[in-house]
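Participant: Below you'll find the structure I mean.
The values are calculated or read from the model by the stated rules, or taken from the named source; none is laboratory data. Because the structure is a prediction, the values reported are computed rather than measured. All Cβ positions, glycine included, derive from the backbone under ideal geometry; neighbour counts span all protein chains shown.
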Amino acid sequence: MKKIPVITLLTDFGLQDEYVGVMKGVILSINPRVHLIDITHNINRHDVRQAALTVNASFRYFPKGSIHVVVVDPGVGGKRKVICLEQEGHFFVAPDNGVLTMVIQHGKAKKICAITNRKYFLKPVSDTFHGRDIFAPAAAYLSKGVDMLCLGQPVALEDVTKLDVPAPFVSAKDELVGTIISIDHFGNLITNINQATLESFKGQETSKKIVIKLGSSKIQGVSKSYDSVKIGSPVAIFGSRNLLEISLNQGNASNCFKARIGQTIKVKLPSSSTRPKPVAAC
């Protein structure tokens, strides 16, 4: 039995307007035999960085051959390209604005093209809704077996727009310095420190003894679950993305710490002369 292709949608459209439904209608008009999956339509408006993190965190959980449509496109109608990328057996249709940065950084692109062949556009093309008129039809035709290079001309990897993504580093004070890169629906503060980076930094030291500093607040150790601490108390864990998170057990760490994306956190090895005072529950 032939597999039914999967097309995922990730946008900043929200659900108030018709935009998401119209894109689905265009896809189904071209190929009625597809599974349409909504990853999310609640990306913050115009937040390319949040979209880049989200698509990279989600696409590997779909079957090979899936087509991932990403429409967070503040430059719609301008000079930016619409591109198609093949990587790890997945296809991505997205604006060339850096939204595929993390996907590209964590894998090896096989093919990239600019989607320019108007044969595969919905006409007339609106200057404000390429999601409907270019992205959706391109994904639908890919799902029907059209070769991606039929959609347009090849693009070199070095010519694809990429975001400047901060990497954790060890400071002169021998602290591992990371950055809050995302704040999720629950107010968890997601950093760019993965488990391998922390393990390399701490060496033989146990996770329970390291100190995590956020502003003037300090958290003792990394725990395995939220309920390792009392309700309302802060906790550091590795979340489902394998990234270090600062959370609040059944609370909102973002509000508690008045944190923001781009803020630094520091991880320090224990000192015989200092031990952090517990952070008061929020």
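Participant: Listed residues LEU10, LEU85, LEU53; which is at pLDDT 95 or above, assigned to a strand (DSSP E or B), of a type outside the set (Phe, Trp, Tyr) and in contact with a Ser or Thr (Cβ under 9 Å, 6 or more places away or on another chain)?
Facilitator: Values: LEU85 fails: in contact with a Ser or Thr (Cβ under 9 Å, 6 or more places away or on another chain); LEU53 fails: assigned to a strand (DSSP E or B).
LEU10 is the lone residue from the list that is at pLDDT 95 or above, assigned to a strand (DSSP E or B), of a type outside the set (Phe, Trp, Tyr) and in contact with a Ser or Thr (Cβ under 9 Å, 6 or more places away or on another chain).
Participant: State whether the residues of the range 94-106 include one that is modelled with pLDDT under 95 and either touching a strand residue (DSSP E or B) at 6+ places or on another chain (Cβ under 6 Å) or not in a helix (DSSP H, G or I) (or both).
Facilitator: Checking the range 94-106: at least one residue is modelled with pLDDT under 95 and either touching a strand residue (DSSP E or B) at 6+ places or on another chain (Cβ under 6 Å) or not in a helix (DSSP H, G or I) (or both).
Participant: May I ask you to say which residue of ARG60, ARG80 is of a type in the set (Lys, Arg), touching a residue at least 24 places away in the same chain (Cβ under 8 Å) and more than 28 Å from ASN242 (Cβ to Cβ)? Give the derivation first.
Facilitator: Details: ARG60 fails: more than 28 Å from ASN242 (Cβ to Cβ).
That would be ARG80, the only listed residue that is of a type in the set (Lys, Arg), touching a residue at least 24 places away in the same chain (Cβ under 8 Å) and more than 28 Å from ASN242 (Cβ to Cβ).
Participant: Within the group ILE237, ILE219, which residue is over 29 Å from HIS106 (Cα atoms) and not in a loop (DSSP other than H, G, I, E, B)? Steps first, answer last, please.
Facilitator: Values: ILE237 fails: over 29 Å from HIS106 (Cα atoms).
Testing whether each residue is over 29 Å from HIS106 (Cα atoms) and not in a loop (DSSP other than H, G, I, E, B) leaves just ILE219.
Participant: Could you please find all residues in the range 11-41 being in contact with a Phe, Trp or Tyr (Cβ under 9 Å, 6 or more places away or on another chain) and within 30 Å of THR179 (Cα to Cα)?
Facilitator: THR11, PHE13, ILE39, HIS41
Participant: Related question: Check whether at least one residue in the range 1-20 is touching an Asp or Glu at 6+ places or on another chain (Cβ under 9 Å), farther than 24 Å from VAL160 by Cβ and either of a type in the set (Val, Ile, Thr) or surrounded by 14 or more Cβ atoms within 10 Å (Cβ to Cβ) (or both), and report yes or no.
Facilitator: yes
Let's see how each residue does on (1) in a strand (DSSP E or B); (2) β-branched (Val, Ile, Thr); (3) over 21 Å from GLN50 (Cα atoms); (4) at pLDDT 95 or above:
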{"site": "PHE201", "(1), (2), (3), (4)": "no, no, yes, no"}
{"site": "GLN204", "(1), (2), (3), (4)": "no, no, yes, no"}
{"site": "ARG241", "(1), (2), (3), (4)": "no, no, no, no"}
{"site": "GLU245", "(1), (2), (3), (4)": "yes, no, no, yes"}
{"site": "LYS277", "(1), (2), (3), (4)": "no, no, yes, no"}
{"site": "ALA280", "(1), (2), (3), (4)": "no, no, yes, no"}
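Participant: Kindly establish whether ILE104 is of a type in the set (Val, Ile, Thr), out of contact with any Ser or Thr (no Cβ under 6 Å at 6 or more places or on another chain) and more than 22 Å from ASN242 (Cα to Cα). Explain how you work it out, then say what you get.
Facilitator: Values: of a type in the set (Val, Ile, Thr): yes; out of contact with any Ser or Thr (no Cβ under 6 Å at 6 or more places or on another chain): yes; more than 22 Å from ASN242 (Cα to Cα): no.
Spelling it out, it is not the case that ILE104 is of a type in the set (Val, Ile, Thr), out of contact with any Ser or Thr (no Cβ under 6 Å at 6 or more places or on another chain) and more than 22 Å from ASN242 (Cα to Cα).
Participant: Follow-up question, since we're still on this one. Does TYR141 satisfy the condition of being surrounded by 11 or more Cβ atoms within 10 Å (Cβ to Cβ), in the same structural domain as ALA51 (by TED's automatic domain parsing) and not hydrophobic (A, V, I, L, M, F, W, C)? Full working, then the answer.
Facilitator: Details: surrounded by 11 or more Cβ atoms within 10 Å (Cβ to Cβ): yes; in the same structural domain as ALA51 (by TED's automatic domain parsing): yes; not hydrophobic (A, V, I, L, M, F, W, C): yes.
It is true that TYR141 is surrounded by 11 or more Cβ atoms within 10 Å (Cβ to Cβ), in the same structural domain as ALA51 (by TED's automatic domain parsing) and not hydrophobic (A, V, I, L, M, F, W, C).
Participant: Let me ask you something else. Is it fair to say ARG60 is within 25 Å of LEU149 (Cα to Cα) and either within 16 Å of the chain's Cα centre (by Cα) or in a helix (DSSP H, G or I) (or both)? First the steps, then the outcome.
Facilitator: Values: within 25 Å of LEU149 (Cα to Cα): yes; either within 16 Å of the chain's Cα centre (by Cα) or in a helix (DSSP H, G or I) (or both): yes.
Here the answer is yes, as ARG60 does meet what is asked.
Participant: Then there is this: Report yes if GLY65 is free of Cβ contacts under 8 Å to residues at least 12 places away in the same chain and not assigned by TED's automatic domain parsing to the domain that holds SER240, otherwise no. Even if it seems obvious, please write down each step before you answer.
Facilitator: Details: free of Cβ contacts under 8 Å to residues at least 12 places away in the same chain: no; not assigned by TED's automatic domain parsing to the domain that holds SER240: yes.
Against the criterion (free of Cβ contacts under 8 Å to residues at least 12 places away in the same chain and not assigned by TED's automatic domain parsing to the domain that holds SER240), GLY65 does not qualify.
Table: residues versus (1) among the small types (Gly, Ala, Ser); (2) crowded, with 21+ Cβ neighbours inside 10 Å.
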{"site": "CYS113", "(1), (2)": "no, yes"}
{"site": "GLY131", "(1), (2)": "yes, yes"}
{"site": "GLY145", "(1), (2)": "yes, no"}
{"site": "SER171", "(1), (2)": "yes, no"}
{"site": "GLY178", "(1), (2)": "yes, yes"}
{"site": "THR191", "(1), (2)": "no, yes"}
{"site": "GLN204", "(1), (2)": "no, no"}
